[in-house]
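Quick note: the coordinates plus some simple rules give every number you see, no bench work behind them. Quick caveat: nothing in here was measured; it's all calculated off a predicted structure. In this analysis, Cβ positions are derived from the backbone assuming ideal geometry, glycine residues included, and neighbour counts consider all displayed protein chains.
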Amino acid sequence: MSTAWHDFRPQRQLLNSNFDGYRLSLDPLAQYHLKFDDFLQVQKDYELEQDNYTFNSIKGFKSLNQLVKNPWSNDEHLYFIDQNHAIQQIDVSSNQSLSHLQQPIAVYQLAKPTLYGSMMFINEKHVCVCDGRSTITILNTETTKWKVVFEQDFDEYVHSPIRLLHAIEFEGAIHIVLGCIQTDCQLTWLTLSSNELKLIRRRTLIGKKWPDFVCLESNGQGIYIVAEGVYKFTFDSVSEVKQPEELPKKSVLEKIPSSLQYIWSQTHCTIDLEIDTPSSNDQQEFSVQIDSDRVRCSLGSEIIIDAQVLHSIDEKESSYSIVKDKTSQLSISLQKIKPGLFWNEVFESGRSIDGQVKLVDFTETDEDIKQPYNNQQLEECDEYTNENETFLTRFHGDTHQITHQGIIPNQILFTTLNPPSLCIRHDVDGLIWHLHTISSDNEQTPWTHEATLNAFGYVQASKQNRKFLSIPSDYSYALISDLQTHLYLYKQSTPTVDSSLRNRKSGQVVSNIAKQHMISLENHQDILGLITTHERIYILLSNQLSTIVI
């Protein structure tokens, strides 16, 4: 099964190059606070020990969102794990007065002390709980006191601490993904039978860097992983994982001994080659011939390239040029017949001098896009460099093969699991990309651009103390929380009531306006959890739940 490469091409109708910025609003937003009883405290962040204080550990086990809501249920309940290892429930339903919320009630007491425990609802009446050490528990939530329906210690397969990354249920099977760090970063994919609630399959994937995002498809057939580098399957209890054999490649491209070499790169539409030659050579000595499937190039009597290209090219649109300076540079531009097709190499057979690849942003197109900002307006906080490529990869759970793959073109701002989405910076904006369930390999688009958060990439870059970034399901606003005290609310453009409002520079009537609110909490404790809905924002502190009405 071949890998289908896909790029991240935005929907132009969802981009707003005329966005005029956010207007600071002084309109007060109602705040309500529920202070917990003195004996009740939220579990503390995981304290890394000296021997595991690494980049992967910090990325995987620090600053997790500890406030949980059941996305499958209409009940307005919030959950968290307290310092005594009990699951607490807060009723925030509409029949409850926000100024007189009842104290949290314990719905389940974990049998063993947790190590930064976490939980995730897999359907309306079942929740998966991870104690952070090695035990997975599935609870039935239909009664006031939750009951255990499954519990197993997986210390034989995982290394403490572990983190619950995703859990779903589909057609009689429960799928759970756990993350831990051994020599490498390890993802353990567990499959349980929903009826008998016993382990029926275990799969393992290994990678060098802790993933930025992991999610299972809704049908349990595949898994998406976003990480620097690429993960690979190493074990499957049902079917053997066949690693690709490192067979010596039969040389079909003969290397021409020469002091010259070419450097090549590719864009959405072209393959570009550059060859530096000594300046003493005369321009007339070069000979270049470009056909639909072959390139021939010589320097005097010396053949540089005489090889067949990997894929067909448009010889009429292809060209070459020679630039003479201290050295002479021969540049060849080959026009792809199929724009967007990813080339692994330039030539597949024939004769050629040595070549090296030059990495560029493959997702760029040759279409002129109106840039909504001036480069001189960018500040130091807007700089983002990613030395290593970050890949979004979709694996088939049965064949263990990569079916779809793409290079993340820019900084990942945040991720969500319901629905599985990435927010990726694009110029100054934040673009929401939904990941889809693939029913037939290589024929569907695995991810699509669904919404745009105007200028969100720009504003979040200036928030040096940011901890959580979140949006409601309707994308009506975006929220950034600091480590403590402050939150920043960015409402997307809405029609203005006063039609007389005009732009100072252009004089045009402003028909839509986007507002910014800066929110300060009375309690200056660390923010441990955050949930955003269309009408409310819930903020979890160590001994308090704060609610902000939008």
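In the stretch 259-353, Rg over Rh equals 0.95, where Rg is the alpha-carbon radius of gyration and Rh the Kirkwood radius from pairwise Cα distances.
In this simple spin-label model, placing a label point 7 Å from the Cα along the Cα-to-Cβ direction at both Ser312 and Gln13 gives a separation of 3.2 nm. Once both labels are positioned 7 Å from their Cα atoms along Cα-to-Cβ, the gap between Thr399 and Arg351 label points is 3.9 nm.
Given their separation in residues at 0.36 nm each and the Cα-Cα distance between them, Gln243 and Gln109 gain 43.9 nm when the chain is fully extended. For the residue pairs Lys209/Lys336; Lys44/Lys145; Lys232/Lys491; Lys112/Lys491; Lys125/Lys463, the C-alpha atoms sit more than 32 angstrom apart in Lys209/Lys336; Lys232/Lys491; Lys112/Lys491; Lys125/Lys463. Dividing the helix sum by the residues of the chain, where each DSSP H run of 4 or more adds -39500 (n - 2.57), gives a mean residue ellipticity at 222 nm of -500 deg cm²/dmol. In angstrom, the C-alpha Rg and Dmax of the stretch 436-476 are 15.3, 43. In plain terms, the chain from Asn140 to Tyr53 could stretch by 27.7 nm, reckoned as 0.36 nm per residue minus the Cα-Cα distance.
Residue order for Asp291, Asp474, Asp427, fewest other beta carbons within 10 angstrom first, comes to Asp474, Asp291, Asp427. Each principal axis of the chain carries a Cα extent, and these read 88, 68, 44 Å when sorted largest first.
Compared with the alpha-carbon gap, the fully stretched path from Asp293 to Gln83 is longer by 68.9 nm at 0.36 nm per residue. The lysines within cross-link reach of Lys338, meaning a Cα-to-Cα straight distance under 19 Å and a gap of 8 or more places when in the same chain, are Lys316.
Put in line by how crowded their Cβ is, counting other Cβ atoms within 10 Å and starting with the fewest, Val252, Val346 read Val252, Val346. From least to most packed, judged by other beta carbons within 10 angstrom and beginning with the fewest, Glu49, Glu315, Glu217 follow the order Glu49, Glu315, Glu217.
Based on C-alpha pairs under 8 angstrom that are at least 6 apart in sequence, the stretch 259-353 has a relative contact order of 33 percent. Positive end of the dipole of the chain (Cβ unit charges, origin at the Cα centre): among Tyr108, Pro446, Ser287, the Cα lying farthest that way belongs to Tyr108. Normalising the average separation of contacting C-alpha pairs (under 8 angstrom, six or more residues apart) by the number of residues puts the relative contact order of the chain at 15 percent. Residues in the stretch 524-550, backbone N under 12 Å from the label point at Asp27 (7 Å along the Cα-to-beta-carbon vector): list them, ranges by number please. Correct set: 550.
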